[in-house]
1. For the chain, with a Gaussian network of springs between Cα atoms less than 10 Å apart, report the residue from F103, F209, F181 with the top mean-square fluctuation.
2. Is any residue of the range 137-173 close enough, with backbone N under 13 Å, to a label point placed 7 angstrom from the Cα of S82 along the Cα-Cβ axis, and if so, which?
3. In the range 49-104, what percent of the accessible surface is made up of carbon and sulfur (1.4 Å probe, ligands and nucleic acids excluded)?
4. For the chain, what does the accessible surface come to per residue with a 1.4 Å probe? Please give it in Å².
5. Can you sort R48, R12 by solvent-accessible area, 1.4 Å probe, largest first?
6. Using log10 I(q)/I(0) by the Debye sum over Cα atoms at q = 0.11, 0.12, 0.13 Å⁻¹ as the read-out, say which of (1) -0.63, -0.74, -0.84; (2) -0.57, -0.67, -0.77; (3) -0.51, -0.61, -0.72 was calculated from these coordinates.
Amino acid sequence: SGSGVDFINNARINGILLINNLGLVNPNAPKYATGSQLIYNTGGAYTRNNEWDNNTTGAAGYPYHVVIKNGTTLNFTAATPSPIGCAGDVTIGNPSAADAGTFNLATVGATPLYIGGSLLIGGASSTGTLNMSNSVGGDVYIGKDWTRTATGIVNFGTGSRSVIFNGSSDGTITADGGQVFPYMYVDKAAKPNKLTLADEVSITDEIGFTQGTVDLGTNNKFI
């Protein structure tokens with residue numbers, strides 16, 4: 001609260017940085033160790049601040065895992081530096097409890113989001129909502145898995161933003177009832193890097209393949 005917590009000399013978070021109601025990082029962001037978590041737990045609307053303002057591995061303000069829970073709506077704005085991202089996973093909602101979260105990129109503008117690991121939307125009994133950008137260029141890049149539970153909600157934004165599977169890790173698309181993407185692209189680091197369909201995927205507008213291998217799995221297909 002007040003003027004916020006100042007991570008002088010960019011002190012390192014080795015475990016969890018928990019941002020509760022009235023929590024604030026100002027002016028210096030921490031560095032985040034591999035496996036650490038930045039958890040948004042405010043219970044209401046919160047606008048991204050200095051705690052997450054980078055896309056450079058090892059730099060201050062570049063988190064590893066990010067969790068949005070406890071009814072928190074994390075708002076990104078057009079003032080966000082471009083691009084922005086995290087090294088690990090983004091979890092929207094709580095996988096094991098009735099604990100909702102919303103990741104709102106609607107006003108992020110043309111800033112793309114790079115998720116080095118996996119994106120989990122929703123949980124066993126919690127609603128997780130992803131609102132993508134309303135501007136061209138505000139797409140989402142995912143290095144590993146896309147997982148949407150039955151309680152996960154995805155709004156692809158005005159004009160329908162793209163989801164791009166990139167990076168050097170194998171990934172899986174898992175979505176309760178199947179997943180509809182307006183625009184989806186596979187742009188892996190090398191041909192052996194694989195994207196597997198655990199559930200059916202539908203494309204309404206365009207799908208593109210630059211590099212990588214797609215495994216349709218058993219009784220799954222692109223339609």
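1. Looking only at F103, F209, F181, the biggest GNM fluctuation is shown by F209.
2. 137-139
3. Values: 850 of 1870 Å².
Whole-percent figure for carbon plus sulfur exposure: 46.
4. Values: 9370 Å² over 223 residues.
It amounts to 42 Å² per residue over the chain.
5. On the way: R48 35, R12 135 Å².
Result of the area sort, largest leading: R12, R48.
6. Looking at log10 I(q)/I(0) by the Debye sum over Cα atoms at q = 0.11, 0.12, 0.13 Å⁻¹ for this model, the match is (3).
The values are calculated or read from the model by the stated rules, or taken from the named source; none is laboratory data. Keep in mind that what you see is a predicted model, and the values were worked out from it rather than measured. With ideal geometry, Cβ positions are generated from the backbone for all residues, glycine too; neighbour counts draw on all protein chains shown. With ligands, DNA and RNA removed, areas are computed over all heavy atoms of the protein, side chains included. Shrake-Rupley method; radii C 1.70, N 1.55, O 1.52, S 1.80 Å.
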